[in-house]
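Values quoted throughout were computed directly from the atomic coordinates according to the rules given, and no laboratory measurement underlies them. As the structure is a prediction and not an experimental result, all values here were calculated from the model. Methodologically, a virtual Cβ is constructed for each residue, glycine included, from the backbone with ideal geometry; neighbour enumeration extends over all protein chains shown.
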């Protein structure tokens, strides 16, 4: 199999998922990028922006932009960290909590449809292969 075909398929899958989620969450005022941040924050409340940037492998500016949009839509709030006044901890607001169930159902629906016909073993193997590809891709920066 051509490597370029693998990359193209991964990009196409990502584009389909992104478009689907964008349609589903349009009523919230956020897009797919903020959706991912929001779901992560909802399961890791109290995380700070620096930790989020490391976990998502993005720059601080990307996180800051997403956080500002999520704050503007009143889905999350930043609270000054008592231990380090330069840091903010991120928490889901009451308004944001109203969306969590829907957002998780969209994620579950996507997983169900995208992995339709896959055995549990195949899902595990695919995940292991993708993790290996990711780790190998980190060698590009050495």
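In the chain, the DSSP-assigned H stretches of four residues or longer account for a calculated mean residue ellipticity at 222 nm of -22000 deg cm²/dmol, using -39500 (n - 2.57) per stretch and the full residue count as denominator.
Rounded to the nearest 10 degrees, the inclination of helix 3-25 to the longest alpha-carbon principal axis of the chain is 40 degrees.
The calculated FRET efficiency for residue 44 paired with residue 101, based on their beta-carbon distance and R0 = 22 Å, is about 0.80. Against the chain, whose longest principal axis is taken from its Cα atoms, helix 120-137 shows a tilt of about 80°. Between the Cα long axis of helix 60-72 and the first principal axis of the chain there is an angle of about 60°, rounded to the nearest 10. Cβ-to-Cβ counts within 10 Å put 81, 94 in ascending order as 94, 81, the fewest first. With both labels modelled 7 Å from their Cα along Cα-to-Cβ, the residue 16 to residue 119 distance reads 2.3 nm. Each of 69, 13, 110 has some number of other Cβ atoms within 10 Å of its Cβ, and from fewest to most they run 13, 110, 69. Cα centroid separation, the range 106-142 to the range 41-90: 26 Å. For the range 11-142, the calculated P(r), taken from all Cα-Cα distances in 10 Å bins from zero up to the bin holding the longest distance, is 11, 35, 34, 19, 2 percent.
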